Structures are given as C-alpha cells and as structure tokens.
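Undergrad: Sharing a structure, written as structure tokens. Questions coming.
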Amino acid sequence: MHSGQSEFRTALLDPAQPVPNGLTIGQGKPITKRFAVYRNNVTVALVDALKASFPVLRKLLGDKNFDQLAPTFARAHPPSTPLMMHYGAEMPAFLAAFQPLQHIGYLADVARLEVAMRASYHAADTTPLPADAFGAVQPEALLAATLTFAPTMHLIRSDWPLYDIWRFNMEESAPKPRAEAQSVLITRPEFDPIPHPLDPAETAWISAILNGDAIEAAQDAAVARAPDFDLSPLLTLLVQQGALTHLNTPKD
Amino acid sequence: MLDATRHPPRLPAAPGVGYKSQHFSALRADPGPVKWLEVHAENYMGDGGRPHAQLRALRDDFAISVHGVGLSIGGEGALDADHLARLKTLVDWLQPASFSEHLAWSTHGAEFLDDLLPLPYTNATLTRVAEHIDQVQNTLGRQMLLENPSSYLAFAESTWSETDFLSELVRRTGCGLLLDVNNVFISATNLGYTATGYLDAYPTDAVGEIHVGGHDEDQDDDGALLLIDSHGRAVADPVWTLLDYALHLTGPTPLLVEWDNDVPDWPSLRDEAGRAEQALAALADR
C-alpha cells in the first residue's frame, strides 16, 4: 500500500494518528518505535529551536510549562520555511489567544521582543549615518527632513514595563520591573542586538519617523506626550548605535 | 545532465569539521589538522550580521562546503522556488568549494518539518528526484553531491536497492555523492544488512566527500538494537573501522566529522579531526 507524504506528515505531528501504511522492516514486525524516531526528531528539533529563540519566555513560564507549550505551538504552527532562524513569528499571536496563559498579559509582548531581537541579529549590514550629518543641514531643512532607520532597528511598543521584564530575566541582579509602560528600541551597533527602554514620548517620536513623518511632525507627536521632551539624548543614542542610515532632506 | 568535468570537487582530501559558531575564535587560533569547514546552508540565509561576517573571515583560511538541510529534494511537490533562490544567492556570494544535500524530504505543502524524512525507492521517486537534482544543478550552475540517508524503516513498495538507486541518479544527473559512513552503519544495523556489502555495491567512483559522526543506541518494539543518527557524541569505533573499508574503495577523499548536538569544546572536536587525519594517512601509507 502506498504511503504518501501527506499521510506521513499527518502521523508525524499527531501521535494519536496511526503509523502510515506501507512502512516495514520485514514481514509482521512492529514498527511503532521506529516510526517514533521520526516523530521524536521532528518534535525535538522544533522544540529545541523554540527554546533557543525564546529564552526570556522560557524563564518566565518555567522549563516545565514551556516544554508543554512548545510542542502545542509546534503542532499548530510548524515552520513555513526552512529558515529556522525566523521560526516562531506566530508565537505572540498564539500566546495572546492561549486561554491558560491569558492572566499573564505581557507574555505576547515578550515574545514579540524576542522575535525582533532575532530578526535584528540576522538583518542586513548597512553603513550608519555619520554623526556630523545633522550639522551639515540648515535648521529649517532639518525640520522638514525624514530619517531612514537601519534594518537592524526595531521598535516594540508595549503597555508593560517590557524592557525591565527583559532585563530582570536576562541580567544577574537587575532591578525588579517598575510599574510603567516601556516600549523597547532594538539597535545593533555591530553584531549583537541591544534593547533600550523608551518612554511614551520617545516611542511617539520613533513611531512617527517610522511612519515616514518629517522630524518636525515627530517632534510635535513627542511633545504632545511630554511637553518637556528633549530629542538630544534619543538622537545621540540612535546615531551612536548606528540605528540610522539616511537623513533625507527635501531637496533630495 | 550537467557536465560534471567542468566542476570537479575542490575540497581537499583532508579532514574537515561541521562548523559551529561558538568555535569561531578557538578554531582560527588552533585549527589542528582541519583544512576545510562545512556549514549548513540555512543558517547563513539571513541578510547579514555575525553569521555572514564569520563566513567571510573563515573562507580566507579554509575551503568551505555548503551543506543544505532544507531543500527537500525528495519532496512530492515542486522544489520551493524561494528556497532555491536563497540557496543560489548564498552560493553566488560565498563561492564554496562544494554544495551537498540529502536524499530525503522535509517540506510538505507550506510546512517545513525540520527532519530528513525517508523515501520509497521506486521508479516514480527516481524520476522526481532526478528532475529536482537537474533543477538544482542548473540553477546553481555546478555539480551537487547527494547524501545517503540514515534509515529506521523501509517502504514495502521499494523496487530499488539504495545503492542502485544512487547509481542511477548519478548516471541520469551527473551529480556526485556524499557518502555518510555513519548513516551506512546505522541503516545496515537498523534494516539488517551488512554495511560492507552496502559499500561494495555503492558507486564509490562518484564520491566527492565522506561524513562520519556520532550515533545513539536505542531499542525497537522487539527489543532489537536501533541506532539513532544523533550527531551528539564522538564517532563510534565500528564506524571508524567501516570508514577504513570505505576509504579503500574511494581513495583519498575530503573527510568530515559531524558533531551537531551537545557540541563539545573545540579541542575535543579537533581531536576527532585528528582521528580522521590518521585514517587518511593510513590510506596513503598502504
């Protein structure tokens, strides 16, 4: 009897399914444990990939809970490409809809942060905007200019103290998370992505720039959140971290 | 059919290891007998960052073999055009000495199952795999090597032996072969044939590279020994013995030690490469 790859695949990911027809190691010999090698290989490979990809999530849930969650996720969302470096992009949405964990509201945001850290790690190398680029432009032109971020830069908006939660789980003797909303900016100065906390005004400024707004409009959006908003520290951080690639003045 | 003579394998007939990024500095400081490195294609299909930077640095000192684990050459459907394009991008910029993939399938529809899954050896499979190999070789503009699988079971419908199946693929496509001696040892044990008999029937003229690696021991439903292709420990002694037998058939060949799980520190892997060097040296002394 022909055993197609469709039937094989169904039995691989669902241990409740029977072993496919047509597999043998000789007349009448049982092959359940032999087929189980493939079942185990697939599950272990996917679970190991998720463990490596979501270290903070695993710490927050505990090994035992994570090891139960990961195969459930893997069965619902097997990889859609052989690029395992990006596996787990559906984890935030999966967690947001996963009833047993809905009392932990920040889990989906943590998963989004971890997906973005990996995306940053593998993003293209670009030439950073030089620090003197801003000084070479007239103030009026600067206000009308837009900025292009490096592909390594990510913004994860959150209503939770997302940066503090990340740090508390990744660094020894990090302080306990504060009760405040923090978005996270990810930069990659060379090869290692670095998360930075952003307050609501900084988040509004970066969101506006990401949206293609001019610097003046971004400034307005930030000041609307915090009247005393000062762009200098944020701009210094972005330039020092190589998070910007182009300053686009109107004459360009 | 590709003219294989235009693209002879250029890996040295010397020891190589499966590259692990944690070994980057130690390997460069003290490569020991290691002359070439094999990298898994999919790990370098991001857009940049450290993985690409490491490869650019390593290719100055080592010949590089790109080993795909995700092309699903045995898949029932068409090859994933996006993935083949990513592979071409990698091969075009890296210009590796060799490209190899597996006689297996791993993609079904829009799902990648992240394992090397088995194939029935039928005329239909042969036709399909040969077409896929042609497509890969034409896209990359070079010969590829095809690796024999580790098997835990067989298909009742198979009408070809694995060795005849591989010989026919070589004849039809002009591809070369990657002979995984550990896989031969595992499959022979699990399916109940002799490993040396397999090698006697294997088309050794087509071999461009040999793999050895570690395996685990388990038991099947009847309590019979079941070997698992884990790549998580040192190469077993009987596999080194089988390697000697294989090398007598192939002659000097690029020889890779694979250690992909529970990866040891660099000196331990370097020592395994030393054993591979001894096996090649023993062949030269004969």
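Undergrad: Among the numbered conditions (1) under 25 Å from A:V19 (Cβ atoms); (2) touching a helix residue (DSSP H, G or I) at 6+ places or on another chain (Cβ under 8 Å); (3) assigned to a helix (DSSP H, G or I), tell me where B:G75 comes up short.
TA: In the conditions (1) under 25 Å from A:V19 (Cβ atoms); (2) touching a helix residue (DSSP H, G or I) at 6+ places or on another chain (Cβ under 8 Å); (3) assigned to a helix (DSSP H, G or I), B:G75 misses (3) alone.
Undergrad: Take B:A26 and decide whether it is out of contact with any His (no Cβ under 9 Å at 6 or more places or on another chain), within 14 Å of chain A (Cβ to nearest Cβ), assigned to a helix (DSSP H, G or I) and of a type in the set (A, V, I, L, M).
TA: Details: out of contact with any His (no Cβ under 9 Å at 6 or more places or on another chain): yes; within 14 Å of chain A (Cβ to nearest Cβ): no; assigned to a helix (DSSP H, G or I): yes; of a type in the set (A, V, I, L, M): yes.
No, not satisfied.
Undergrad: Continuing with this model, one more query. So which residues in region A:20-78 are under 20 Å from B:S230 (Cβ atoms) and of a type in the set (D, E, K, R), if there are any at all?
TA: Across region A:20-78, the qualifying residues are A:K33, A:R34, A:R39, A:D48, A:K51, A:D67.
Undergrad: Does region A:142-156 contain any residue that is part of a helix (DSSP H, G or I) and either out of contact with any Pro (no Cβ under 8 Å at 6 or more places or on another chain) or crowded, with 20+ Cβ neighbours inside 10 Å (or both)? It would help to see each step written out before you state the result.
TA: First, pick out the residues of region A:142-156 that are part of a helix (DSSP H, G or I): A:142-144.
Going one step further and asking which of them are either out of contact with any Pro (no Cβ under 8 Å at 6 or more places or on another chain) or crowded, with 20+ Cβ neighbours inside 10 Å (or both), we end up with A:142-143.
Yes, region A:142-156 contains at least one residue that is part of a helix (DSSP H, G or I) and either out of contact with any Pro (no Cβ under 8 Å at 6 or more places or on another chain) or crowded, with 20+ Cβ neighbours inside 10 Å (or both).
Undergrad: Yes or no: A:K33 at the interface with chain B (Cβ under 7 Å from one of its Cβ atoms) and not in a helix (DSSP H, G or I)? Don't jump to the end; show me each part of the working.
TA: Numbers: at the interface with chain B (Cβ under 7 Å from one of its Cβ atoms): yes; not in a helix (DSSP H, G or I): no.
No, not satisfied.
Undergrad: Looking at B:A53 and the list (1) facing chain A (nearest Cβ under 8 Å); (2) aliphatic (A, V, I, L, M); (3) crowded, with 20+ Cβ neighbours inside 10 Å; (4) outside any loop (DSSP other than H, G, I, E, B), which single condition is not satisfied?
TA: Failing condition for B:A53: (3).
Undergrad: Does region A:12-19 contain any residue that is touching a strand residue (DSSP E or B) at 6+ places or on another chain (Cβ under 9 Å) and not in a loop (DSSP other than H, G, I, E, B)? If you could, list the steps in order and put the result at the bottom.
TA: Of region A:12-19, the ones touching a strand residue (DSSP E or B) at 6+ places or on another chain (Cβ under 9 Å) are A:12-13.
Of the ones still in play, those that are also not in a loop (DSSP other than H, G, I, E, B) are A:12-13.
Yes.
Undergrad: Right, another one. Got a sec? Which of B:H248, B:H211 is free of Cβ contacts under 8 Å to residues at least 40 places away in the same chain and either more than 25 Å from B:A26 (Cα to Cα) or surrounded by 14 or more Cβ atoms within 10 Å (Cβ to Cβ) (or both)?
TA: Details: B:H211 fails: free of Cβ contacts under 8 Å to residues at least 40 places away in the same chain.
When all the criteria are applied, what remains is B:H248.
Undergrad: Determine whether region A:79-102 contains at least one residue that is over 24 Å from A:W166 (Cα atoms) and in contact (Cβ under 8 Å) with a residue 12 or more places away in the chain. Please lay out each step first, then the result.
TA: Taking region A:79-102 first, the residues over 24 Å from A:W166 (Cα atoms) are A:79-83.
From the residues that got through so far, the ones that are in contact (Cβ under 8 Å) with a residue 12 or more places away in the chain too are A:79.
Looking through region A:79-102, at least one residue is over 24 Å from A:W166 (Cα atoms) and in contact (Cβ under 8 Å) with a residue 12 or more places away in the chain.
Undergrad: Take region A:227-248 and flag every residue that is surrounded by 14 or more Cβ atoms within 10 Å (Cβ to Cβ) and in a loop (DSSP other than H, G, I, E, B).
TA: A:F229, A:L231, A:Q241, A:G242, A:A243 - these are the residues of region A:227-248 that are surrounded by 14 or more Cβ atoms within 10 Å (Cβ to Cβ) and in a loop (DSSP other than H, G, I, E, B).
Undergrad: When region A:1-15 is examined, which residues are found to be more than 10 Å from chain B (Cβ to nearest Cβ), modelled with pLDDT of 90 or more and surrounded by fewer than 18 Cβ atoms within 10 Å (Cβ to Cβ)? Talk me through it step by step, then tell me what you get.
TA: Looking only at region A:1-15, we keep the residues that are more than 10 Å from chain B (Cβ to nearest Cβ), and these are A:7, A:11, A:14-15.
The next check asks that each one be modelled with pLDDT of 90 or more; those that pass are A:7, A:11.
Across region A:1-15, the qualifying residue is only A:E7.
Undergrad: Take region B:24-34 and flag every residue that is of a type outside the set (V, I, T) and buried (at least 20 other Cβ atoms within 10 Å of the Cβ). Walk me through how you get there before you give the answer.
TA: We begin by selecting, within region B:24-34, every residue of a type outside the set (V, I, T); these are B:24-33.
Across region B:24-34, the qualifying residue is only B:L27.
Undergrad: Quick check on region A:26-55: of everything there that is of a type in the set (S, T, Y) and more than 16 Å from A:Q68 (Cβ to Cβ), which residue is modelled with the lowest pLDDT? So that I can check it myself, show each step before the final result.
TA: First pass over region A:26-55, keeping only residues of a type in the set (S, T, Y): A:32, A:38, A:43, A:53.
Then keep just the ones that are more than 16 Å from A:Q68 (Cβ to Cβ); that gives A:32, A:38, A:53.
Details: A:T32: 92, A:Y38: 96, A:S53: 97.
Looking at residues that are of a type in the set (S, T, Y) and more than 16 Å from A:Q68 (Cβ to Cβ), I get A:T32.
Undergrad: When you scan region A:168-188, do you find a residue that is at pLDDT 95 or above, within 14 Å of chain B (Cβ to nearest Cβ) and surrounded by fewer than 18 Cβ atoms within 10 Å (Cβ to Cβ), even just one?
TA: No, every residue in region A:168-188 fails to be at pLDDT 95 or above, within 14 Å of chain B (Cβ to nearest Cβ) and surrounded by fewer than 18 Cβ atoms within 10 Å (Cβ to Cβ).
Undergrad: If you check B:Q143, B:Q137, which single one turns out to be part of a loop (DSSP other than H, G, I, E, B), more than 30 Å from B:A224 (Cα to Cα) and either more than 14 Å from chain A (Cβ to nearest Cβ) or without any contact (Cβ under 8 Å) to a residue 60 or more places away in the chain (or both)? Can you show your working first?
TA: Details: B:Q137 fails: part of a loop (DSSP other than H, G, I, E, B).
Sole residue among the options that is part of a loop (DSSP other than H, G, I, E, B), more than 30 Å from B:A224 (Cα to Cα) and either more than 14 Å from chain A (Cβ to nearest Cβ) or without any contact (Cβ under 8 Å) to a residue 60 or more places away in the chain (or both): B:Q143.
Undergrad: Also: Please work out which residue is farthest from the chain's Cα centre (by Cα), limiting yourself to region A:118-135 and to residues that are at the interface with chain B (Cβ under 7 Å from one of its Cβ atoms) and either among the charged types (D, E, K, R) or more than 11 Å from A:T245 (Cβ to Cβ) (or both).
TA: Kept after step one, since they are at the interface with chain B (Cβ under 7 Å from one of its Cβ atoms), are these residues of region A:118-135: A:121-125.
Retained after the next criterion (residues that are either among the charged types (D, E, K, R) or more than 11 Å from A:T245 (Cβ to Cβ) (or both)): A:121-123, A:125.
On the way: A:Y121: 10, A:H122: 12, A:A123: 12, A:D125: 18 Å.
If we take residues in region A:118-135 being at the interface with chain B (Cβ under 7 Å from one of its Cβ atoms) and either among the charged types (D, E, K, R) or more than 11 Å from A:T245 (Cβ to Cβ) (or both), then A:D125 is farthest from the chain's Cα centre (by Cα).
Undergrad: Output yes when any residue across region B:148-164 is more than 9 Å from every other protein chain (Cβ to nearest Cβ), of a type in the set (F, W, Y) and free of Cβ contacts under 8 Å to residues at least 60 places away in the same chain, and no when none is.
TA: Taking every residue of region B:148-164 in turn, at least one turns out to be more than 9 Å from every other protein chain (Cβ to nearest Cβ), of a type in the set (F, W, Y) and free of Cβ contacts under 8 Å to residues at least 60 places away in the same chain.
Undergrad: Please go through region B:56-72 and give me each residue that is part of a helix (DSSP H, G or I) and over 28 Å from B:S150 (Cβ atoms), ordered by number.
TA: Answer for region B:56-72, where residues must be part of a helix (DSSP H, G or I) and over 28 Å from B:S150 (Cβ atoms): B:R56, B:A57.
Undergrad: Right, something else. Name every residue in region A:76-130 that is of a type in the set (V, I, T) and either in contact with a Gly (Cβ under 9 Å, 6 or more places away or on another chain) or part of a helix (DSSP H, G or I) (or both), in order of residue number.
TA: At the first step, the residues of region A:76-130 found to be of a type in the set (V, I, T) are A:81, A:104, A:110, A:115, A:126-127.
A:T81, A:V110, A:V115, A:T126, A:T127 - these are the residues of region A:76-130 that are of a type in the set (V, I, T) and either in contact with a Gly (Cβ under 9 Å, 6 or more places away or on another chain) or part of a helix (DSSP H, G or I) (or both).
The values are calculated or read from the model by the stated rules, or taken from the named source; none is laboratory data. Remember, predicted model here, so these are calculated numbers, not experimental data. Virtual Cβ from ideal backbone geometry, glycine too; neighbours counted across all protein chains shown.
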